[in-house]
Amino acid sequence: MLVVKLLFVVTVLLCQATAQVPAQRYELKKGVEVCMLAKFGLLLSIKYTKADNSTGSTPLMFRGGADVTGTCAEDGENVAVMEIKDNHDLGLKLTFTRENTHSHRIYYLSDFEVWYVYTESRFPDALPSLYNTRGSEKASDIQWFQAPEVNSYLCRAEQRKTLQENVDILLNDLQLQPFEVKRNDFSSPMECAMDSTPAPPVHTTLPPPTTT
């Protein structure tokens, strides 16, 4: 158990140093068919009160083998929900909404909620009364990651967002398909603007020529 914890701590520290979390794929199935897909790397930074009344900040990430549940859109329904739970002490709830526009139907992430249980391993030196209690933060009535319903949403670039006051999130290598999943895989992607924007040119200043 100690080895597992040490490996997890090392992984978190490496992710902090590189600002990249390995992307994991999450599937929600109805029977044997995949009806909802998500793939991303996610690093959470959560503020909490420490025993000395100072403010701490802990990095959290989902480990492999997380449990995926939720509700797929059926019979023309326009809401789909995916819940991801890691060892009963860290969870994520993604709610997607589909609606009509003038030309086509689109979807977007409409609610993003994260919850966590205060444990000694995840929140070191926390205020003792916090341990074994549950905290949560939620962003509601948002329109993140918008795409046509026939496409997946793809954004390889890092995206940083804040949930209220205590939780910052860092997403990378994000791909989503909450509706119209075909053949158990992502449809052709609509890439985010950050991916399609070319990187600025790098200008190298050469040293002046020398004379002999």
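Throughout, read-outs are computed from the coordinates displayed, never taken from laboratory work. Keep in mind that what you see is a predicted model, and the values were worked out from it rather than measured. Cβ: placed from backbone, ideal geometry, glycine included. Neighbour counts: every protein chain shown.
What number comes out for the charge environment of Pro148, summing +1 per Lys or Arg and -1 per Asp or Glu over other residues with Cβ under 13 Å away? With Lys, Arg at +1 and Asp, Glu at -1, the neighbours total -2.
Here's the picture: a label point sits 7 Å out from the Cα of Tyr131 along the beta-carbon direction, and within the stretch 36-64 the residues with their amide nitrogen under 18 Å of it are 48-54, 56-58. Computed across the stretch 53-141, the Kirkwood radius stands at 15.2 Å (inverse of mean 1/r, all Cα pairs). Reported value for the stretch 37-101: 134 Å³ per residue, from the convex hull of its C-alpha atoms. One decimal place: the segment Ala23-Ser54 gains 7.9 nm when fully extended, by the rule 0.36 nm per residue minus the C-alpha distance. For the stretch 135-179, report the translational diffusion coefficient in µm²/s to the nearest whole number, using Stokes-Einstein at 20 °C, 1.002 mPa s, and a Kirkwood Rh over Cα pairs. Stokes-Einstein gives a translational diffusion coefficient of 177 µm²/s. A protection proxy built from the mean count of other Cβ atoms within 10 Å ranks the segments 51-57, 71-77, 92-98, 189-195, most packed first, as 92-98, 189-195, 71-77, 51-57. Under the convention that each Lys and Arg Cβ holds +1 and each Asp and Glu Cβ holds -1, the size of the dipole of the stretch 57-164 around its Cα centre is about 320 debye. Reachable lysines from Lys138, Cα under 23 Å, same-chain residues fewer than 8 places away excluded? Partners found: Lys39, Lys47, Lys50, Lys85, Lys93, Lys161.
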